[in-house]
1. Kindly evaluate residue A:39 against the criterion of being closer than 27 Å to residue A:106 by Cβ and within 7 Å of another protein chain (Cβ to nearest Cβ).
2. Among B:59, B:87, B:83, which is the only one that is within 12 Å of chain A (Cβ to nearest Cβ) and under 21 Å from residue B:17 (Cβ atoms)?
3. Restricting the first residue to segment B:16-35 and requiring it to be within 14 Å of residue B:207 (Cβ to Cβ), which pairs with a second residue that is assigned to a loop (DSSP other than H, G, I, E, B) and modelled with pLDDT under 95 meet a Cβ separation below 8 Å and a spacing of at least six or different chains?
4. Examine segment B:90-107 for a residue that is over 22 Å from residue B:251 (Cα atoms) and in a loop (DSSP other than H, G, I, E, B), and state whether such a residue exists.
5. Hey, can you tell me all the residues within segment A:206-233 that are over 15 Å from residue A:30 (Cα atoms) and in contact with a helix residue (DSSP H, G or I) (Cβ under 6 Å, 6 or more places away or on another chain)?
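The values are calculated or read from the model by the stated rules, or taken from the named source; none is laboratory data. The shown structure was predicted, so the numbers you read here are calculated from the model rather than taken from an experiment. Counting neighbours? That spans all protein chains shown, and the Cβs are built from the backbone with ideal geometry, glycine included.
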């Protein structure tokens, strides 16, 4: 590996131990976005507000101890919508985080679309980049609905990374001008899928991540993906773009 | 190690990854109490209520996946007292957890004493065992104040384990009829300290734990302590008492 630095653009650092954060750093992962998520649907808006404070104060502290820059991302995940979620939106406006995430649609039911649009409107107004989740089930269909929400709001393409793309969804996402997040994880993309995508579309507006967190095991999948691409003869400059530089520019870190 | 099963009576499972919970289980730790703690002082009582729901639903689920029985402990830690903490007490009364923890005093300021006593009164009324933290700083003095709170409420001794005891505090705690938690961790007790305590007082009303969690590294310290005691020739029956049986009885698991 040596000198390829990695920016893992989507993790949940809360689910990884202090020891594992150090291993990530020692393996070349130097920056991560730690996305807001709560493993049970919260009853109270305050739970998410305190979660954002935890990401901002405590997860960045754990990162520092590990030699890892943790960039907190605040947002209401579609599986984490509490009653009175408008209070969370008010806090987001007040706190102006560097990144909104992860937000998006899971089943695209009415409340999810409403919460997504409220967050996108705010991100547009405040000029904040967004990490937009797409689900495991019905990915193609829900991705379409997600793009529809973005377009209805005339959301600036350069502020949206559509994450967990598949071989099926990536083409349209890139064609419409969005960034695409390549999640290297069992059940999402394999290293070989990443190779296929980079060969077909080139490295622009692509960024890799692990989505590692509370239950997954593989917190070094981006490191393995980079090694695989190197082995397969992908050019160093291209690898650097998808492993670090695209994310660095997109998130302005 | 082989056949000595361990009950780690005080951890924060949220701070350990899925992978590490499996390692704990594979190393002989079969039951743990996962104590409520929030790494930044919560602003909202709902944050603690949702945290209890997370411990109850999600941490037990992660435990099952790892082959580890996770017993959730609910309570307001003295460093985690939110505004309107009475709402948390109401939830505790309503939800009737198996264990209250960790509760206790950190600096023994007025609000801490009030919150501790509210929880102890409820535990006495509902007959629920309590894990009672003592702090790193001023341990002897704060332990005295903790015992004073217990006695003012005529709290039943058999419902209180005073945790993180030191060589200095353990004697009085046992003499007064309480259980004592031996935390094997850098800065708390060494394996040699545990040996000294068991040789001096015998194994009754002692239980070992790691207090492993969000920032500490050593999630297998109880396993190492048990190996050390075996090496030093402590009788198997005594080790079993402090490693598993005392906790099992005290927490009624």
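1. Yes, satisfied.
2. After applying the criteria, what remains is B:59.
3. B:31/B:253
4. Within segment B:90-107, one or more residues are over 22 Å from residue B:251 (Cα atoms) and in a loop (DSSP other than H, G, I, E, B).
5. Within segment A:206-233, A:206, A:213, A:214, A:215, A:217, A:225, A:228, A:229, A:232 qualify.
For (1) surrounded by fewer than 24 Cβ atoms within 10 Å (Cβ to Cβ); (2) closer than 22 Å to residue A:11 by Cα; (3) without any contact (Cβ under 8 Å) to a residue 12 or more places away in the chain, each residue gets a yes or a no:
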| residue | (1), (2), (3) |
| --- | --- |
| A:113 | yes, no, no |
| A:116 | no, yes, no |
| A:132 | no, yes, no |
| A:135 | yes, yes, no |
| A:148 | yes, no, yes |
| A:166 | yes, yes, no |
| A:195 | yes, yes, no |
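Per-residue answers, yes or no, for (1) away from chain B (no Cβ under 14 Å); (2) without any contact (Cβ under 8 Å) to a residue 40 or more places away in the chain:
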{"site": "A:151", "(1), (2)": "yes, yes"}
{"site": "A:155", "(1), (2)": "yes, yes"}
{"site": "A:177", "(1), (2)": "yes, yes"}
{"site": "A:181", "(1), (2)": "yes, no"}
{"site": "A:185", "(1), (2)": "no, yes"}
{"site": "A:199", "(1), (2)": "yes, yes"}
{"site": "A:221", "(1), (2)": "no, yes"}
